[in-house]
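This report concerns only the one structure given below.
Taken together, the values in this text are just the output of simple stated rules run on the coordinates, not laboratory data. All figures in this text were calculated on a predicted structure; none of them were measured in a lab. Virtual Cβ from ideal backbone geometry, glycine too; neighbours counted across all protein chains shown.
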Amino acid sequence: MNKIEIKCVSKPGVQVPEYKTVGAAGCDVCAYIEKDLVIPCGKRVIVPTGLFTAIPEGYEIQVRPRSGLAAKSGVTVLNTPGTIDSDYRGEICVILINLGDEPFTVHNGDRIAQLVVSPVTQGVFVSVDALDETERGSGGFGHTGV
């Protein structure tokens, strides 16, 4: 298990992420806000968590939607998965968007997303004049069927 150092803002009420089950890949992260945030239909907000991390080099934390929030309310993480790089030391914030039919209210302490620790492999990009041919070729979106 990888140790992720976490620092909470100096105000009370910040919740450290935790796994809810032994087999969980993601741990819930909660909103840390002074007053409720209303997300109108079709709009987005940036929600602070009050958390700061030191992620080991060679890893990232992915910010992903909570399936229950998306299924029940149509609220999801806009840039999913969001990436928190190992050299980032700012506050973790979550970009939520309301794709539901009604305005959605975020309260302090609400579970708003989940965090997944993942290894990172960096590639070396090399400029070439031509690429090898494949059966698929340049077929793009929907090329292999629906």
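Rounded to the nearest 20 debye, the dipole size of the chain about its Cα centre is 640 debye, using +1 on the Cβ of Lys and Arg and -1 on the Cβ of Asp and Glu.
A simple rule links phi to the HN-Hα coupling: the Karplus curve 6.51 cos²θ - 1.76 cosθ + 1.60 with θ = phi - 60°, which for region 115-121 gives 10, 10, 7, 9, x, 10, 10 Hz, with x for Gly and Pro. Under the combined filter of DSSP loop state and at most 15 neighbouring Cβ atoms within 10 Å, region 1-94 retains these chymotrypsin sites (Phe, Trp or Tyr not before Pro): Tyr19, Tyr88. With both labels modelled 7 Å from their Cα along Cα-to-Cβ, the Arg136 to Asn2 distance reads 2.6 nm. Summarised as an ellipsoid, region 46-112 has semi-axes of 25, 13, 9 Å, derived from the eigenvalues of the Cα gyration tensor scaled by 5 and square-rooted, with the largest first. The number of Lys pairs in the chain with C-alpha atoms less than 27 Å apart, excluding pairs fewer than 8 positions apart on the same chain, is 11. What longest region of the chain stays clear of trypsin sites (Lys or Arg not before Pro) that DSSP places outside H, G, I, E and B and that have at most 16 other Cβ atoms within 10 Å? Longest run free of exposed loop sites: 90-135. You can think of it this way: the chain between His107 and Thr83 has 6.3 nm of extra reach, that is 0.36 nm per residue less the Cα-Cα gap.
Temperature 20 °C, viscosity 1.002 mPa s: under these conditions the Stokes-Einstein estimate for the chain, based on its Kirkwood radius over C-alpha pairs, is 123 µm² per second. Which is the longest part of the chain that has none of the GluC sites (Glu not before Pro) sitting in a DSSP loop with at most 12 other Cβ atoms within 10 Å? Here the longest segment lacking exposed loop sites spans 58-132.
For the chain, the relative contact order comes to 30 percent (Cα pairs under 8 Å, sequence separation of at least 6).
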